[in-house]
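Throughout, read-outs are computed from the coordinates displayed, never taken from laboratory work. Everything quoted here is computed from the prediction, not taken from an experiment. Positions of Cβ are backbone-derived with ideal geometry, glycine not excepted, and every protein chain shown enters the neighbour counts.
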Amino acid sequence: MAVGGEAVRRPSRPFNAWWILITVVVVIYLFLLAPLLIVVAVSFDPTDAFRFPPPGFSLRWYVAFFTSETFMKAFFRVSLLVALTVAVLATVIGGMAAVGLVRFLTRGRALLETLFLTPIVVPEILLGAALFLYYTRLKVSTSVAGLIAGHLLLAIPYVVRTVSAGLIGIDRSLEEAAMSLGASRAQAFWKVTMPLIRSSLLSAAIFAFIVSFSDINVALFVAGPESMTLPVHIFSQIVWQPDPTIAAASTLQILLIAALLAIAQRVFRLRVAL
Amino acid sequence: MSRHGRLAVALLAPGLAVLVVFLIVPLAMIVVISFFTYSPTRIWVPVPTAENYGKFFHPYYLGVTWTTVKVGLLTTLACAVLGYPLAYMLARMRSRWLGLCLFLLVTPLMVSSVIRIFGWLVILGKKGIVNSALEAAGLGAMDLLHNVTAVVIGLTELLLPFMVLPLMASIENIPRAVEEAARNLGATPLQLFRRVLLPLSLPGLVSGSLLVYSVAISALVTPALMGGRKVRMLGNLVYDEVLTSLNWPFAASIAVILLVFTVAVMVAYLRTLRALSRRGGRA
């Protein structure tokens, strides 16, 4: 009888547990997304009272953002410029390193791989502090170039990891087949392997862009008045005069990053890079 | 050198150059400066001393270290508690919602932390959403920021995905059949978690915890904006000593201590991650 009773009750139990789990997960997602949702909502508030839900809808703070010279400079002439440069440089340098590691090394590969991942191990604020002292010691002014170098360090490990993962998945006999059909080694690489790792290169570039575009910890130390990035400008605005222009600027950053990640997810598995 | 070897060097050289010039040399410089003597007029003089490390044992700095460790541990705990159900759900999902759920997990991670902290300031600030609700309900406004809880909330939200991703990988490696067998033998959900899921997903939990902890203890922006003067962590000390007090030898010594600490935690993290991928490979 006891067994029979169990059999009747059993199917409903996992079902209930599953619904409890879903509810819990939805609440956790709300917690995770709350600050972003609030920032987006506040950016459309016609007043500057930071209320939720906003009492109306206006684009006033977007107008304020696009007419603010400092915000424009921070967004377009510093953050965007630095992030695009970092995306290109990190993908080229890191992509070359990945090919070197995966295709050309057997001895010493593990050691060099570890070396290329070290920037992840070092806390970002220490990279920032070390670079600031280093630049000051060398009497190099803290400029856009210094910032690009710092962001390259943050981005290269992501690129090496993403492109290596792409390369490891490729059967080398494809290149060998091309070579036996008369292609040179270089031709075989460019015409056979390159198209196959295009998607990992693209995701690597996207990740490099995002890492640079949203960095605050390195930029807080390294960025000078002439190279104030958007996150650093937002930071100082929060400290000195918080108004919803910050929310408008933040919303634009969130949209840009979400769009790029959506592209990355289409061409690549997000989890490989992280 | 063979053609093969020359090509390898050419491919790796630019990356290695960046690492040496902008990572290894600056970090080595920090270590050296940390043993130099502070001079109010010239910032440092190259006279070797261990005084900077000695200064660290002053009760104030020990207090800051304790706050840092405490915030790190609480954040790790909160991430584990919130991250487990999320990771379990994602690991067991087969539907087309999985892509969307992963996207919603990774997007906040990629948005600048300063923006997410700004969101929390709008929620918890003096005239924030919670306080206006409290006032509307007839209760007075409270200072919800400037305490350890606020900093832990901010960091937990910031670092939760770092816990979920390795944990999810670990749970995916547990065959569903194991879970079903436990359930068929009459295990309650709690027993299933404690006796089956938790022990089998321990590597993921450990690597997620180490990652969250190591990033949490080097936090700067979160305690600066959400903790103010009341909750100061080692990162804030480094920032102030480098940019405000200009005591670079002392700043360097704190940086070295923080570096040694996080590198130790991160090495442990990479080890567990490697063990995890080996296990996954065999499964």
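Where a Cα-Cα gap under 17 Å defines reach, which aspartates and glutamates qualify for B:Lys127, not counting those fewer than 8 residues away within the same chain?
Straight-line reach from B:Lys127, under 17 Å: A:Asp45, A:Asp48, A:Asp243, B:Glu135, B:Asp143.
Select from B:Trp120, B:Trp248, B:Trp66 the residue whose mean-square fluctuation is largest in a Gaussian network model of chain B (Cα-Cα springs shorter than 10 Å).
Of B:Trp120, B:Trp248, B:Trp66, the most mobile in the Gaussian network model is B:Trp66.
Over chain A, what is the mean sequence separation of C-alpha contacts under 8 Å (at least six apart), divided by residue count, expressed as relative contact order in percent?
28 percent
Can you give the charge dipole size of the protein assembly as shown about its Cα centre, rounded to the nearest 20 debye, using +1 on the beta carbon of Lys and Arg and -1 on the beta carbon of Asp and Glu?
Approximately 1520 debye in magnitude.
Taking other Cβ within 10 Å of each residue's Cβ, how do B:Lys70, B:Lys126 sort, fewest first? Mind dumping the intermediate values first?
Numbers: B:Lys70 15, B:Lys126 11.
Lowest count first: B:Lys126, B:Lys70.
Please find, in a Gaussian network model of chain A (springs between Cα atoms separated by less than 10 Å), the residue of A:Val121, A:Val26, A:Val102 whose mean-square fluctuation is greatest.
Highest fluctuation of the listed residues: A:Val26.
May I ask you to list, by number, the DSSP H helices of chain B whose Cα span along the axis is at least 30 Å and whose average Kyte-Doolittle hydropathy reaches 0.0 or more?
Numbers: long enough: B:59-92 (49 Å, 0.96); B:148-172 (34 Å, 1.84); B:248-282 (49 Å, 1.06).
Membrane-span-like by this rule: B:59-92, B:148-172, B:248-282.
Checking the a/c ratio against 1.5 first, then a/b against b/c, what shape does the Cα gyration tensor give for region B:56-282?
oblate
Each residue of region A:123-132 in order: what ³J(HN,Hα) in whole Hz does its phi give by Karplus 6.51 cos²θ - 1.76 cosθ + 1.60, θ = phi - 60°, with x for Gly and Pro?
Ordered by residue, 3J(HN,Hα) equals x, 4, 5, 6, 4, x, 4, 5, 5, 4 Hz.
Helix-derived [θ] at 222 nm for the protein assembly as shown: sum -39500 (n - 2.57) over DSSP H runs of at least 4, divide by residue count, nearest 500?
Helix-only estimate at 222 nm: -22500 deg cm²/dmol.
What shape does chain A have by the C-alpha gyration tensor, where a ≥ b ≥ c are the square roots of the eigenvalues, rounded means a/c under 1.5, and otherwise prolate means a/b greater than b/c and oblate the rest?
Oblate, because a/c is 1.5 or more while a/b does not exceed b/c.
Quick one: in region A:18-167, what % of C-alpha pairs are over 20 Å apart?
Here the tail beyond 20 Å accounts for 69 percent of pairs.
Sort A:Arg198, B:Arg229 so that the residue with the fewest other Cβ atoms within 10 Å of its own Cβ comes first and the one with the most comes last. List each step's numbers first, then the result.
Values: A:Arg198 12, B:Arg229 8.
Ranking A:Arg198, B:Arg229 by Cβ neighbours within 10 Å, fewest first, gives B:Arg229, A:Arg198.
Ratio of the protein assembly as shown's C-alpha Rg to 2.2 N^0.38 Å, to two decimals?
Scaled against compact globular proteins, the figure is 1.03.
Suppose every K and R has +1 on its Cβ and every D and E has -1 on its Cβ; what is the size of the dipole of region A:68-273 about the Cα centre, in Debye to the nearest 20?
Numbers: 15 positive and 9 negative charges, 116 e Å.
That gives region A:68-273 a dipole magnitude of about 560 debye.
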